[in-house]
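J.: Structure below; questions to follow.
Since every read-out is calculated from the coordinates, none of them should be taken as a lab result. Computed from a predicted structure; not experimentally measured. Here the Cβ positions follow ideal geometry from the backbone for every residue, glycine too, while neighbour counts run over all protein chains shown.
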Amino acid sequence: MKTNEKDEILLSKIQTDTVQKEKLNQQNQENHVIISILRSEQQTQMPSIQASQSDFFIRQSQQENIDSQLENNKKFQEQSLSNIDGLLSKSHQLKNNTELHKSSSFSQIFPLLDDNLTCISQTSSFISLEKQKLSIQTNKKIKKRKSSTVGGAKTQISRKQIIIKCKTQRISDKLIEQPTSIQIEQQEFVPVPSIEAIIHQEAILNENTLQLQNQYYMQNLIGYLMGTLKDNFMAQMYLNHFSQLYDNLQKSKLIVCPQEYTLSNQIQPQKKMQKTLIIDLDETLVHCNEFSCLKSDFFIPVIFNEQIYQVGISIRPYAQQFLRNMAKDYEIIIFTASNPDYANKIIDYLDPQHNLVSYRLFRDDCIQISNNCHIKDLRILNRNMKDILLVDNSAYSFAFQVENGIPIIPYLDDKNDKELVHLQHYLQHVNQFDDVRNQNNKIFNLKTVQNCVSIVEAIKKLQASFSK
């Protein structure tokens, strides 16, 4: 075969491979345009959390098809580049051979060189035409891509944006040699809990709430009686207090509630509809230390027989926190059988900003039956009885309205006392009911205890009610 024919074959191969290379580059650019469209669509149109799993698998299969197509393009590109490199090396060898024969037969080689130059010029012009055709075809494909759906979603990108994407994402020669891959961020689907799981969680929450509300007083009393709760000090406190509670309720049956009563001048009509929480002071929120050697939280001056004494006051644990939390849901009234001079100093310490306790009632507002018996008639408050709760360590205090009373064991300077924490859970629960007296009867059964002949019978009935 002549050298002219060899050169023409080599140049034609170079020409075809160059065209294939240009097509491959153009296809890679088009793939990157598609990738940018996919990414922009994923950023603008986030899939819903409740998207079905079938759509996810469809998108995954589309991604796998694109990956396989790009992998084939990559292999074709590597093969074509290797062929081009081989052809270029052969052409360089032929060129060197022609240079060696140039001195001897220049007249024979000169037309060959002219033919090669014309062939190269024709090849370059052909490549430029192919570039124009490919650019036109790419624009048409881009227009089709805009109108069609890519990845199951319609594109909303203008032609200017696509041109900008093409310009900014053109692949350099170094990037062409590197493998291309599509990394489409997959949305993390948040698992939606099933109906059974939601019902189970609500059941656990309701059970925990029921345990918290029942843990106050009667639950603890039955626990100490049955031996399930083991704390000798608290067991003795509960047994002693329940014995006093039973005696006071029995004596309260003999006290006749007067039909006439006088409304308190201090209590004003409510500006906001709330339930009213009445709290005792001594032995409920604080304890007055009889001996100066005992530790106290603060001291107040008390006048007795024309002499001033510094009396130590011990605050029940969680008392101030209890008042702050209850003031969010209740109208709080401190109702004590103590004198105003003594009680006001303690209330000022508990509520220094005067924004927790709405009203203060003292001994003169009570009905005194004997020296140690002061009844707090709740009718003087001018509130609906179904919205009133009275927390007191003495059952005498709610003798006229037993269904409104909430018992509490007395506080005797025990820093491990948590009665106010348990009481808070119960008060937050009972606040949801329209008539608090119905819930009080279910939990404390004070009417049942009052109607029992003996304390043993009362304990048996309480145990039977809790066993249900």
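J.: Please state the relative contact order of region 203-467 as a whole percent: Cα pairs under 8 Å, 6+ residues apart?
T.: 25
J.: What area, in nm² and to one decimal, does the C-alpha convex hull of region 203-467 cast on average over all directions?
T.: Working: hull surface 62.0 nm².
Dividing the Cα hull surface by four gives the mean projection, 15.5 nm².
J.: Please list, in order along region 334-347, the HN-Hα scalar couplings obtained from phi with the Karplus expression 6.51 cos²θ - 1.76 cosθ + 1.60 (θ = phi - 60°), rounded to whole Hz, x for Gly and Pro.
T.: Working through the residues one at a time gives 8, 10, 10, 8, 8, 6, x, 4, 6, 6, 4, 5, 6, 5 Hz.
J.: Something else: Amide H of SER338: which non-local residues (sequence gap of 5 or more, or other chain) have their own amide H closer than 5 Å, using H built in the peptide plane?
T.: When sequence neighbours closer than 5 places are left aside, the close amide H contacts are ARG363.
J.: Here is a further query. Please list, by residue number, every one of the chymotrypsin sites (Phe, Trp or Tyr not before Pro) in region 264-309 that is coil in DSSP and has at most 12 other beta-carbon atoms within 10 Å. List each step's numbers first, then the result.
T.: Details: sites: PHE291, PHE298, PHE299, PHE304, TYR309; in loops: PHE291.
Qualifying residues, ordered by number: PHE291.
J.: List every residue whose amide H lies under 5 Å from the amide H of PHE298, counting only residues 5 or more places away in sequence or on a different chain, with H placed 1.01 Å from N in the peptide plane.
T.: ILE313
J.: Figure the gain on full extension for ASN438 and GLU457 (residue separation times 0.36 nm, minus the Cα-Cα span) and round it to one decimal in nm. Please report the intermediate quantities before stating the final value.
T.: Details: separation 19, 0.36 × 19 = 6.84 nm, distance 2.24 nm.
Full-extension gain reported as 4.6 nm.
J.: Near the amide H of GLU331, under 5 Å away, which other amide H atoms are found, from residues 5 or more places off or on another chain, if H is placed in the peptide plane?
T.: LYS275, THR276, LEU277
J.: Still on this structure, please answer the following. Could you go through region 367-379 in sequence order and give the Karplus-derived ³J(HN,Hα) for each residue, using 6.51 cos²θ - 1.76 cosθ + 1.60 with θ = phi - 60°, rounded to whole Hz, and x for Gly and Pro?
T.: Once θ is set to phi - 60°, the couplings for region 367-379 become 9, 8, 8, 8, 5, 10, 10, 10, 9, 9, 7, 6, 5 Hz.
J.: I've got another one for you. Which ³J(HN,Hα) values, rounded to whole Hz and listed in residue order, are derived for region 441-451 from phi using the Karplus coefficients 6.51, -1.76 and 1.60 in 6.51 cos²θ - 1.76 cosθ + 1.60 with θ = phi - 60°, glycine and proline given as x?
T.: Going residue by residue, I get 5, 6, 8, 9, 6, 5, 5, 5, 4, 5, 8 Hz, with x marking Gly and Pro.
J.: In what sequence, highest mean first, do 425-431, 347-353, 251-257 appear when ranked by Cβ atoms within 10 angstrom? Spell out each step's value before the answer.
T.: Details: 425-431: 19.1, 347-353: 14.6, 251-257: 12.6.
Packing order, densest peptide first, comes out as 425-431, 347-353, 251-257.
J.: Follow-up question, since we're still on this one. Counting only DSSP beta bridges with both residues in region 203-467, what percent are antiparallel, rounded to the nearest 5? Write out the running numbers ahead of the final one.
T.: Working: 13 of 30 bridges.
Here the antiparallel bridges make up roughly 45 percent for region 203-467.
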